[in-house]
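Chemist: Right, I'll just put the structure down here and ask away after.
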Amino acid sequence: MEAKANSNLPPGFRFHPTDEELIIHYLRNQAMSRPCPVSIIPEVDIYEFDPWELPEKAEFGENEWYFFTPRKRKYPNGVRPNRATVSGYWKATGTDKAIYSSSKYVGVKKALVFYKGRPPKGTKSNWIMHEYRLSELVHPVRQRGSSMRLDDWVLCRIYKKRHVGSSSEQKEEEQEEDSQVREATTTNANNDASIHNQQQALEFPRTFSLAHLLEMDYLGPISHLLDDNNNPFHSAFEFQSSVGDASSDSNGGEKAHLGELPYNTVI
């Protein structure tokens, strides 16, 4: 917040009080008719105006504005405040926040949103109000005749909520999401191709040689293949042995190898 031109505040002055400071140094002093540290919060009945009319009623502020305002009763015999304005109403949102000073309960903060129209069909706006009130009235207001005043003073902070994130930021976020999706798709495709290649490498060929089998690491030692009773090579070697035995029986009981003649054979 920056000071206006007609203010006696020094250049560069900023007003950023905490909730505790607003209660202790401003609202309490106002309720007890004592001067505040800085006289920049005017007394305005904010419910007689719409929120967009309030900035010009303030003595100080650029993006947020502070006011001391009384509250009026909604019903003559009730304690519920009347929050209707010229063209809308203020509606409470969330839960009240307790304000403490050195672990002592000193006040309450209530958040409200302005709605255009009449309840319950009002249209929500971006105008926000934080209403601060003391935990207990310093000077209780006594109802006199037809007076609708509920209490002396509450302190209100008014501001307009800005839209979060610009269109350029939203586009950047969308582009980043698209990039992540494309990256994930490429990774999945590469994983699928790798799995497919591994499956092809593990397929057992229909035609093969013994040398080819020796070069295939995933089949394990060749001795394991030869010792396996269920292996097709085992029957082939048994056939070779049986042929050799038969040849040996026909040539004097001597064992001959396939493709070879006994050493004592006469040609």
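Bear in mind that the values in this text are calculations on the coordinates, not laboratory data. Computed from a prediction, not measured in an experiment: that's the story for all the values here. In this analysis, Cβ positions are derived from the backbone assuming ideal geometry, glycine residues included, and neighbour counts consider all displayed protein chains.
Chemist: Hey, can you rank 29-42, 91-104, 63-76 by average C-beta count inside 10 Å, highest first?
Modeler: 63-76, 29-42, 91-104
Chemist: Given H placed 1.01 Å from N in the peptide plane, which residues other than close sequence neighbours of TYR100 have an amide H under 5 Å from its amide H?
Modeler: Correct list: VAL106.
Chemist: Also, I was wondering about something else. Would you work out if region 23-88 is rounded, prolate or oblate? Take a ≥ b ≥ c from the square roots of the eigenvalues of the alpha-carbon gyration tensor; rounded if a/c is under 1.5, else prolate when a/b is larger than b/c, oblate otherwise.
Modeler: Oblate, since a/c reaches 1.5 and b/c is not below a/b.
Chemist: Separate question: Give me, ordered by chain and number, the residues 5 or more places off MET148 or on other chains with an amide H under 5 Å from its own placed amide H.
Modeler: none
Chemist: My understanding is that a pair violates if its Cα-Cα distance is over 20 Å; which of LYS110/LYS161; LYS91/LYS124; LYS104/LYS160; LYS74/LYS97; LYS116/LYS161 do that in this structure?
Modeler: LYS104/LYS160; LYS74/LYS97
Chemist: What is the packing order of peptides 127-135, 8-16, taking the mean over residues of other C-beta atoms within 10 Å and listing the highest first?
Modeler: So the peptides 127-135, 8-16, ranked by packing, come out 127-135, 8-16.
Chemist: Given the C-alpha centroids of region 38-70 and region 88-128, what is the distance between them in whole angstrom?
Modeler: 16
Chemist: Which one of GLN30, ALA58, THR85 is farthest out on the positive end of the charge dipole of region 19-160, using unit charges on Cβ (Lys, Arg +1; Asp, Glu -1) and the Cα centre as origin?
Modeler: My answer, from the dipole projection, is THR85.
Chemist: Roughly speaking, what is the stretch gain from ALA111 to GLU48, that is 0.36 nm per residue apart minus the C-alpha to C-alpha distance, in nm to one decimal?
Modeler: Value of the extension gain: 20.8 nm.
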